[in-house]
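Student: Before I ask anything, here is the structure I am working with.
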Amino acid sequence: MADKVILRDVSKIYKTGETEYRALDHVDLNIEEGRFVVILGPSGAGKSTLLNLIGGMDNPTSGDVIVNGENISKYSDRKLSDFRAHTIGFIFQFYNILPSLTVLENVELVKEITKIKVDAKQAIRDVGLERHFYKFPNQMSGGEQQRVSIARAIAKNPALLLCDEPTGALDSNTGAMILKILKRQCDADRGNNTVIVVTHNALIADVADVVIRVKNGHIESVTENENPMNIDDVSW
Amino acid sequence: MLFRKMLRDIIHNFTQFMTIFAMVAIAMAVYAGVKSYGDGLKVSADNLYEQQNMPDLWLMGSGFSEQDMKEIRSVDGVADAMRYLSLSMTGEVTYADGRKETFSVPMEGNFLDIKQKTVSVNRFVVVEGEGYDPDADGLWLGRMFAQARDIHPGDRIKLTYEDAEIEKEVLGIISVPDHVYVTQDATVLFQEAKDFGWVYLSMRYFPREAMYDKIIESDGMQGFLSARDSLRALHDMGMSWRDILVTQLGEMDPDTDLETALDLADDIANETAGEEKKHDFIKALDPHFNIEKAYTYPMVCVDVEGTAPGIYKDNKDDGSYDRKLDRIKNALYKIDVVDSVTGRDSCGSYVYHKSEAEEGDTYSGMFTTLFLFIASLSVVTTMNRFVKKQRMQIGALKALGYRKSRIYRHYISYGFFVSVVGVILGYAVGLPTLGVGFYNMEMDMFDIVGGGIYVGKDSYIVAVLIVLMVTLVTYFSSRKILSEPAAQTLRLEVPKIKQKKTGERPNGLMSRLPFAVKWNLRDVARSKARTIMGIVGIAGSALLIVMAYGMEDSMQHYLDWEFTGILRFKSRLTFDSDITNLEKSDLYRKYGTATTQTVAIEYYDGNGMLQTSAITVNDSDGMIALSDHEQGSHDINEGIPGATYSDITAPGALFITEKLVVNKHIDIHQKLRWHILGDDDWHETAIAAVCRDPQSQQFAMTRQAFEGLGEKYEPDTLYTDLDLTGVDDEDIDGVSAISTSASLREQTSGMLNMISGMLGLFIGMAGVLGFIIIYNMGLLSMNEKMYQFSTMKVLGFKFMKIMRIYTMQNVWITLAGIAIGLPGGFLFTDYLFRYAIGEDYDFNAFIEPSAYLIAFAGTMAVMVFTSIFLAMGLRKIDMVASLKANE
């Protein structure tokens, strides 16, 4: 399969006063299309930085980030906005859905910025919230809100779905349900999308196609999982 | 430790705390400054009046003799009385240092009773030189004029009254209680100190020659002069002086020296006699003549026992002073020679000063209330948000074992310390700048020695209330979080599960609205306090801009109304008090016959109180027009709509100004009981019509109505279409003053500009406040929405689109604020003009559309600028950090 994401000698340095913090240090990485990738590592290892660079939310200090064959590290702010709008779906630990909008409106938000045809109601049905179209976020539980966030991300069927601790704030049953939804995005009938999940939870690694371990700003290992486990079989 | 935490938190949240600090400091500075100057004017005047024994009553009559004075002093309740003569003179100054500067200005000469050894009523405050001494050969000069002309003791002033001159050395520069504010005459609205002076001196130095002339002008003396040739002929025929005296001049004193009188008669008749000959002539005819007894004192100032209530409110009494005054007035009226008795409320100096001092109360009350209201909204919003941000820290403190009361004290201290420092700074800045500045500005007009600003207990109470308000707001902001258990506080705040509300229904109209509109509508509904604060802040800013420009427009409108609608002459000539019929005829021939006569009256108001006012008997052919309620102009002889010709020409039919009706509770359907001062005949006449006058509240009457009462019309002022700019009144016989409409307009404009300048300063400060509020509101709004905008940005919303969404809500809030602020500006300006600038004025706000346009554009510009400035931060937003921060 073709490489969906390529990182070439990517470094990201944060400066606070005279202190320099190297979040990513000369990282090289290739991620193929249609894979369910889990990035594991302790706090401060550089997982989220990696995800943010791939998602065009941040620019590398040096090196190239190539997504879909395009070097996004040279993109302007405007082009990056377009890139995120058309190519990327984001899911965060604390959902980040807009409290002033209903479930349906949150998912339809994509229509405001792209011309992609979105079936918002179907996306909501896909995450099992068909009875909650017109509810506001503060009328829903955390798991339901996270599913809204997933529905918003998958509604435009993005080629790359980036998830930062998507199950971190959820109980095990809800977490499993969320993972199933995410994994389904990689299926051929869904367009062979690539899903990258950043997590602390090593158990999730068992269901991944590829496991990337990050430590101190370096890629410690990239492991192909020959036989990913079924999510229902994972003991949480 | 917690104190250090507080200091660092304040530094980290500098903008929010700076807003509270600035609000408190500006509100306090305005209140303390304006209140201290207004109270300073009152207290300084009260002290001056009390210490220098300001008269409580003034009497007028044809001349008060020593016997009359004894009678006056014997009235129960009268502590002291002093008689004097006040004359309009001109003065010329000769400087002792040899300066060649010469000028001649109108001066008021006050001649004190020759027997008066000390000034016991209306005492002098000696600023420079020596105190009053009736035997000292000199005069005492008013301070304002002396300062304006750099005159000091040792300089000389030559006073001229008619043909008599008197030149005296200035012995002292003084200030007296009833000359705190003086004008040359009623035609001058705003007196330049250098153009008019007043002096006090003993009657001993009254120009005797003028006195002799007056005596010689009497009928008896003139009769003798006419008969001088025939008397001489009788003597030449051999008749003795004694026989002539007995047979021809039977009623004369037997000791009359006819021979001497006839020796001097030709010189006297031919006006070639000097002062000595005039004296000898009078003395020859009246052997008991004593010049001191011939002096006329038509005025008496009276000191009533006890202390009069002051202008400052802490010094008011229960009405017993007024009752005592009424009783004394009635007793004084019983003395034959007394023509009128007036109190302090008829003393121009007292009334004008009091009205000016009371304006400060309106300004300070209005502006401070406005400032504090806006400030309190800002404090509520800012403190609420700050405490919410501190939620985790509050939880941590609880978990560490800090008692609730300790944490309360800690959070209350934020508001307390910031407001205390704000209040102190407000005082420190407001008193020396606004307070002293305004006070000194007023002192260009008022002569009060040794006064200054005054900080009364009201100011301290307001300061404590401000600190209390801010502290309480802080307490209530932290109370909710502090009442939670520690474990709950350490968790994120769980949003309330709300039921759907009107306006949030996703189906119907709301669902069809564009995303940006929908999002903003819901955000407004969810952030009511912030929205209300924004609307109020912007309404306040728009209101103040309308006021600033509206005041200018209103004053211009007032000037147009007064000087185009009512005063339609080009020049006004005030007649000399002793103008002859020949001189009058000459003036009518040259300048026309449009005239008025002003008569001072006393009348009973709606509460049965005796009041002093004036009637303008108007025969001016429309040159002095009357204004109806809608400010339309009418010639008095054509009447005011609603009044018939017979109404207005009926004997004694009165026109009354609208504001006088209100101020004095007059029932216009009842007859008014009044009399001319100095005339014992009382009239009860109907009010024919109500008119309006923007700057003097009094009565008017047609000549026909006046003469219908049997009164003789004796005009004192003539109006003409000719522009007499530059013509000197000394060049026209029978005229004491000439004023042109243009010069009157200029004087009024100058006076109003001072008020306008003062208010302009307030408005400037309020404008700064408005800007801070708008900025603070924008900042709060941006902070609260930051994570939502970050989410949008992550999703791919472009900067311009997010900015449009952010700006849209601000535009709505601005429009709502403007919608309240524009009419509010009109209402506030109207209130200010109706109630703050003195009882004599009657004009309301008149605001041109351009003022509203400027307010609209100005407020929108500030809001849009602030929105764009704050939104620019979104361009460089660290999406990850922003989203994490929210987590």
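The values are calculated or read from the model by the stated rules, or taken from the named source; none is laboratory data. Keep in mind that this is a model prediction, so the values were computed, not measured. Reconstructed Cβ throughout: ideal geometry from the backbone, glycine too, with neighbour counts over all protein chains shown.
Student: Scan region A:109-132 for residues that are in contact (Cβ under 8 Å) with a residue 40 or more places away in the chain, at the interface with another protein chain (Cβ under 8 Å from one of its Cβ atoms) and surrounded by fewer than 19 Cβ atoms within 10 Å (Cβ to Cβ) and jot them down.
Tutor: Keep residues of region A:109-132 that are in contact (Cβ under 8 Å) with a residue 40 or more places away in the chain, which gives A:109-110, A:114, A:116, A:126-128.
If we keep only those that are at the interface with another protein chain (Cβ under 8 Å from one of its Cβ atoms) too, we end up with A:109-110, A:114.
Passing the criteria: only A:114.
Student: While we're here: Go through region B:796-834 residue by residue and tally those that are charged (D, E, K, R) and either within 13 Å of chain A (Cβ to nearest Cβ) or crowded, with 22+ Cβ neighbours inside 10 Å (or both).
Tutor: Residues in region B:796-834 being charged (D, E, K, R) and either within 13 Å of chain A (Cβ to nearest Cβ) or crowded, with 22+ Cβ neighbours inside 10 Å (or both): 3 in total.
Student: Now a separate question. I'd like to know if region A:137-152 contains one or more residues that are on the phi > 0 side of the Ramachandran plot and under 17 Å from the mean Cα position of the chain (by Cα). Break it down into steps so the answer makes sense when it comes.
Tutor: Of region A:137-152, the ones on the phi > 0 side of the Ramachandran plot are none.
Within region A:137-152, not a single residue is on the phi > 0 side of the Ramachandran plot and under 17 Å from the mean Cα position of the chain (by Cα).
Student: Continuing with the same structure: Residues of region A:143-182 being within 10 Å of another protein chain (Cβ to nearest Cβ) and part of a helix (DSSP H, G or I), which ones?
Tutor: Result: A:149, A:152, A:153.
Student: Which count do you get for residues in region B:199-241 that are within 45 Å of the chain's Cα centre (by Cα), in contact (Cβ under 8 Å) with a residue 24 or more places away in the chain and farther than 16 Å from residue B:165 by Cα?
Tutor: Here the count works out to 1.
Student: Restricting attention to region B:364-407, which residues are without any contact (Cβ under 8 Å) to a residue 60 or more places away in the chain, of a type in the set (S, T, N, Q) and either closer than 22 Å to residue B:459 by Cβ or in contact with an Asp or Glu (Cβ under 7 Å, 6 or more places away or on another chain) (or both)?
Tutor: B:369
Student: On to the next question. If you go through region B:407-427, how many residues are crowded, with 24+ Cβ neighbours inside 10 Å and not aliphatic (A, V, I, L, M)?
Tutor: Of the residues in region B:407-427, 6 are crowded, with 24+ Cβ neighbours inside 10 Å and not aliphatic (A, V, I, L, M).
Student: Please go through region A:65-85 and pick out each residue that is more than 9 Å from chain B (Cβ to nearest Cβ) and in contact with a Phe, Trp or Tyr (Cβ under 8 Å, 6 or more places away or on another chain).
Tutor: The initial filter retains those residues of region A:65-85 that are more than 9 Å from chain B (Cβ to nearest Cβ), namely A:65-76, A:79.
Scanning region A:65-85 gives A:67, A:70, A:72, A:75.
Student: Anything in region B:64-85 that is surrounded by 14 or more Cβ atoms within 10 Å (Cβ to Cβ) and hydroxyl-bearing (Ser, Thr, Tyr)? List them, or say none.
Tutor: Correct list: B:65, B:84.
Student: From the list B:308, B:265, B:273, which one is free of Cβ contacts under 8 Å to residues at least 24 places away in the same chain, crowded, with 20+ Cβ neighbours inside 10 Å and either more than 20 Å from residue B:64 (Cβ to Cβ) or not charged (D, E, K, R) (or both)?
Tutor: Working: B:308 fails: free of Cβ contacts under 8 Å to residues at least 24 places away in the same chain; B:265 fails: free of Cβ contacts under 8 Å to residues at least 24 places away in the same chain.
Answer to the selection: B:273.
Student: Given the criterion within 13 Å of chain B (Cβ to nearest Cβ) and on the phi < 0 side of the Ramachandran plot, identify the matching residue among A:11, A:62, A:100.
Tutor: Details: A:11 fails: within 13 Å of chain B (Cβ to nearest Cβ); A:62 fails: within 13 Å of chain B (Cβ to nearest Cβ).
Only one candidate qualifies: A:100.
Student: Residue B:73 - would you say it is assigned to a helix (DSSP H, G or I) and touching a strand residue (DSSP E or B) at 6+ places or on another chain (Cβ under 6 Å)?
Tutor: In short, yes.
Residue-by-condition table, conditions (1) modelled with pLDDT of 90 or more; (2) outside any loop (DSSP other than H, G, I, E, B); (3) closer than 27 Å to residue B:302 by Cβ:
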{"position": "B:79", "(1), (2), (3)": "yes, yes, yes"}
{"position": "B:97", "(1), (2), (3)": "no, no, no"}
{"position": "B:109", "(1), (2), (3)": "yes, yes, yes"}
{"position": "B:120", "(1), (2), (3)": "no, no, yes"}
{"position": "B:127", "(1), (2), (3)": "yes, yes, yes"}
{"position": "B:134", "(1), (2), (3)": "no, no, yes"}
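Student: Yes or no: residue B:233 under 29 Å from residue B:578 (Cα atoms) and either surrounded by fewer than 14 Cβ atoms within 10 Å (Cβ to Cβ) or at pLDDT below 85 (or both)? Spell out how you get there, then give the answer.
Tutor: On the way: under 29 Å from residue B:578 (Cα atoms): no; either surrounded by fewer than 14 Cβ atoms within 10 Å (Cβ to Cβ) or at pLDDT below 85 (or both): yes.
No; evaluated as a whole, the condition is false for this residue.
Student: Further, regarding this structure: Residue B:397 fails exactly one of the following numbered conditions: (1) assigned to a helix (DSSP H, G or I); (2) surrounded by fewer than 20 Cβ atoms within 10 Å (Cβ to Cβ); (3) more than 43 Å from the chain's Cα centre (by Cα). What is the number of that condition?
Tutor: (2)
Student: Another one. When only residues in region B:623-681 that are in contact (Cβ under 8 Å) with a residue 24 or more places away in the chain and among the aromatic types (Phe, Trp, Tyr) count, which is farthest from residue B:604 (Cα to Cα)?
Tutor: B:655
Student: As an exercise: evaluate residue A:88 against (1) more than 9 Å from chain B (Cβ to nearest Cβ); (2) more than 25 Å from residue B:523 (Cα to Cα); (3) of a type in the set (A, V, I, L, M, F, W, C) and give the number of the one condition it does not meet.
Tutor: The single condition residue A:88 does not satisfy is (1).
Student: Quick check on region B:619-633: of everything there that is polar (S, T, N, Q) and touching a Gly at 6+ places or on another chain (Cβ under 7 Å), which residue is nearest to residue B:554 (Cα to Cα)?
Tutor: Result: B:631.
Student: List the pairs whose first member sits in region B:329-343 and is in the same structural domain as residue B:66 (by TED's automatic domain parsing), whose second member is charged (D, E, K, R) and not in a strand (DSSP E or B), and whose Cβ atoms are under 9 Å apart, counting only residues at least 6 apart or on separate chains?
Tutor: none
Student: Since residue B:453 meets every condition but one in (1) in a helix (DSSP H, G or I); (2) surrounded by 14 or more Cβ atoms within 10 Å (Cβ to Cβ); (3) of a type outside the set (S, T, N, Q), which condition does it not meet?
Tutor: That leaves (1) as the condition not met.
Student: Tell me which residues, restricted to region A:23-57, are of a type in the set (S, T, N, Q) and either within 14 Å of another protein chain (Cβ to nearest Cβ) or buried (at least 21 other Cβ atoms within 10 Å of the Cβ) (or both).
Tutor: Once the filter is applied, which keeps residues that are of a type in the set (S, T, N, Q) and either within 14 Å of another protein chain (Cβ to nearest Cβ) or buried (at least 21 other Cβ atoms within 10 Å of the Cβ) (or both), region A:23-57 yields A:43, A:48, A:49, A:52.
Student: Out of the residues in region B:497-548 meeting the condition of being among the hydroxyl-bearing types (Ser, Thr, Tyr) and surrounded by fewer than 17 Cβ atoms within 10 Å (Cβ to Cβ), tell me which one is modelled with the lowest pLDDT. So that I can check it myself, show each step before the final result.
Tutor: Start the filter on region B:497-548 by keeping residues that are among the hydroxyl-bearing types (Ser, Thr, Tyr), which leaves B:502, B:511, B:527, B:531, B:541.
From the residues that got through so far, the ones that are surrounded by fewer than 17 Cβ atoms within 10 Å (Cβ to Cβ) too are B:502, B:511.
Working: B:502: 43, B:511: 72.
Among those that are among the hydroxyl-bearing types (Ser, Thr, Tyr) and surrounded by fewer than 17 Cβ atoms within 10 Å (Cβ to Cβ), it is B:502.
Student: Please go through region A:133-142 and give me each residue that is within 7 Å of chain B (Cβ to nearest Cβ) and in a helix (DSSP H, G or I), ordered by number.
Tutor: Within region A:133-142, A:138, A:139 qualify.
Student: Could you check how many residues of region B:645-687 are crowded, with 22+ Cβ neighbours inside 10 Å and at pLDDT below 90?
Tutor: Total meeting the criteria: 1.
Student: State all residues of region B:579-617 that are outside any strand (DSSP E or B) and under 15 Å from residue B:666 (Cα atoms); if no residue qualifies, say none. Write out each step before concluding.
Tutor: Initial filter on region B:579-617 (outside any strand (DSSP E or B)): B:579-593, B:605-609.
Matches in region B:579-617: B:605, B:606, B:607, B:608, B:609.
Student: Hey, does region B:769-791 have a residue that's within 14 Å of chain A (Cβ to nearest Cβ) and touching a Gly at 6+ places or on another chain (Cβ under 9 Å)?
Tutor: Quick first cut of region B:769-791, residues within 14 Å of chain A (Cβ to nearest Cβ) only: B:781, B:784-791.
Right, trim to touching a Gly at 6+ places or on another chain (Cβ under 9 Å) and you get B:781, B:786.
Checked region B:769-791: at least one residue is within 14 Å of chain A (Cβ to nearest Cβ) and touching a Gly at 6+ places or on another chain (Cβ under 9 Å).
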